[in-house]
Amino acid sequence: MRAIRLHGFSQEFDTIQIEEGRRPVPKKGEVLVRMLYSPINPSDHNYIRGDYRRALERLIWNRGSETLYFDPERTNPHPTPPYTLGGEGVGIVVETGSSLLARRLKGKRVALAAGPPIGVWQDYVAVDAKRAIPVPDQLSDQEAAMTIINPLSAVFMVRDVLRVKPGTFLLQSAAGSALAKSVIALSREMGFETINIVRDGKHIEALAELGARHIVRLDQEDLRDAVARITHGRGVPYAMDPIGGELSAEMVGCLTLGGHLVAFGTLSGPSFELTTRDLMMPEARITGFFLGNHIAQKSPAQMLLTLRYLRKLLGGALGDVVIREVMPLESIHEALKLSRGGGEAGKILLHIGDR
Ligand SMILES: NC(=O)c1ccc[n+]([C@@H]2O[C@H](COP(=O)([O-])OP(=O)(O)OC[C@H]3O[C@@H](n4cnc5c(N)ncnc54)[C@H](OP(=O)(O)O)[C@@H]3O)[C@@H](O)[C@H]2O)c1
C-alpha cells in the first residue's frame, strides 16, 4: 500500500516521498480504514515545515527535554521524521480488532482525525475505534473528508472558549476559510451575527450565499472604520483570528469593553505586536486555542456531547466548504504547492481510493 512520508522538515516538499509499505493489521480496539479522500489543511503544512516543533521548543514544559511534547503531562510527543502525513479524511472500515465498538463500525463510512506519525495520507490506516466517527449519509465522500478538524474547532471556540451569546457580533478574519464557514453556519444555528474579514473580493458571493450579512474587504475599507459603522460605534464582544501579524492587533482594537479574541493560527506570521493600553483600556482578553490540547482537557462524556452536537450540525451542511481541486495521491507535491495559499479559493482534496 502507498503512504506519503516526510523525511525531514522542508519548505519545498522535496523531503516528501510516496512509499510502498505493508498494510497494517488492526489491534484490539482498533479499526482498519481504507481511505477515500483527505483535504490538505494548513496544519498539514505545519507538520511539513516543522512549525509545531519550533513552537513546542519554546514551551515551558519542554525546557531541557530532548523529546518535545504538545502537553505538559508529556503524553503526546511531537513525532520525529520520517512519519506519515495527513491530518483528517474519510474512509470505509474494512477490518476490525476485537472490541464491541470496533466491530460495530465494520463496513461503515467514517471520518478520522489522525495526523503524524500515523497520518491518513495512505491507503489503509489502523486507528483506535473511538477516533473513527460515522458520518451522516447526506454528505458526499468529499464533504465527509472535511468534517472534523475545522468544524470541531469552530464548535469549541464559539461555544466553549468565547461562549458567544445570541444577538451579539463576532468578528472573524480569513472569512473565506473552511473554518470561518463553519462559524457562519454556527451563527445561523445560535443566533449571532458574524462580521467577516476578507482580503479581496473572491469570497464575497459564496459568503453572501451562506447568509453572511457583513463582509469587510480589506482592499477597500479600513477595518476599524467598518466595524464602527456596522456596530454603531460600539465594537464587537468576540473575535476569532487565524491570521496573526498586524491584523490581530487591529482586531483587538475592534473589541468592546470586556471583549475577547481567540488566536488560533499564524497564516500571515508567527507573532503580533500589541499596544498594551489597547488591551488594558477595554479590559480585553486574548486566548489561544489548539484543538489537540483542547480535546485533551475534555472528559469522554463532554467529547461525546460535542460530537453529537457536531453530527447534528453536519446533517445541516456545516460549512459548505468550496473544493478547488481533487488530485490523486500520486500528485502530492503539486497538490501541496497549490494548497499553500493565495490564488484561488477553496480546498485541495487528495483522492486516495474508491469505494
Ligand atoms: N488552532 C487550531 O487548533 C486550529 C484548528 C483548525 C484550524 N486552524 C487554523 O485555522 C485557519 C483556517 O484553516 P482552514 O483549514 O479553514 O483554512 P483554508 O480553508 O485552507 O483557508 C485558508 C484561508 O486563509 C486565508 N489566508 C491564507 N494566508 C493568508 C494571509 N497571509 N493573509 C490573509 N489571509 C490569508 C486564505 O485567504 P484567501 O482565500 O484570500 O487566499 C483562505 O481563505 C488556519 O490557520 C488553520 O491552521 C487552527
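The values are calculated or read from the model by the stated rules, or taken from the named source; none is laboratory data. Worth saying up front: this structure is predicted, and the values here are computed from it rather than measured. Reconstructed Cβ throughout: ideal geometry from the backbone, glycine too, with neighbour counts over all protein chains shown. For the accessible areas, the whole protein counts, side chains as well, though only heavy atoms, and no ligand, DNA or RNA atoms are used. Shrake-Rupley method; radii C 1.70, N 1.55, O 1.52, S 1.80 Å.
For Thr287, the conditions (1) more than 16 Å from the ligand (Cβ to nearest atom); (2) modelled with pLDDT of 90 or more; (3) exposed (fewer than 13 other Cβ atoms within 10 Å of the Cβ) all hold with the exception of (1).
Condition check ((1) closer than 18 Å to Ile348 by Cβ; (2) open to solvent by less than 30 Å² (accessible area, probe 1.4 Å); (3) without any contact (Cβ under 8 Å) to a residue 40 or more places away in the chain; (4) of a type in the set (A, V, I, L, M)) across all residues:
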| residue | (1), (2), (3), (4) |
| --- | --- |
| Leu85 | yes, yes, no, yes |
| Gly107 | no, no, yes, no |
| Pro116 | no, yes, no, no |
| Val120 | yes, yes, no, yes |
| Arg131 | no, no, yes, no |
| Thr147 | yes, yes, no, no |
| Phe156 | no, yes, no, no |
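Contact annotation: residue pairs with Cβ atoms under 6 Å, 6 or more positions apart or on different chains, pairing a residue in the stretch 177-203 that is open to solvent by less than 10 Å² (accessible area, probe 1.4 Å) with a partner that is among the hydroxyl-bearing types (Ser, Thr, Tyr) and within 14 Å of the ligand (Cβ to nearest atom), are Ile197/Ser173.
When Ser65, Ser43, Ser38, Ser98 are screened for being open to solvent by less than 70 Å² (accessible area, probe 1.4 Å), without any contact (Cβ under 8 Å) to a residue 12 or more places away in the chain and at negative phi, only Ser65 passes. Screening the candidates Lys106, Lys202 for the property of being within 10 Å of the ligand (Cβ to nearest atom), more than 25 Å from Leu261 (Cα to Cα) and either in the same structural domain as Gly21 (by TED's automatic domain parsing) or not in a helix (DSSP H, G or I) (or both) yields one hit, Lys202. Cβ separations smaller than 8 Å between residues 6+ apart or across chains give the following pairs from the stretch 220-247 residues that are more than 12 Å from the ligand (Cβ to nearest atom) to residues that are open to solvent by 20 Å² or more (accessible area, probe 1.4 Å) and of a type in the set (Phe, Trp, Tyr): Ile230/Phe169; Thr231/Phe169; Val236/Phe169; Pro237/Phe169; Tyr238/Phe169.
The set of residues in the stretch 149-191 being away from the ligand (no atom under 15 Å from the Cβ), closer than 15 Å to Thr306 by Cβ and among the hydrophobic types (A, V, I, L, M, F, W, C) consists of Met190 alone.
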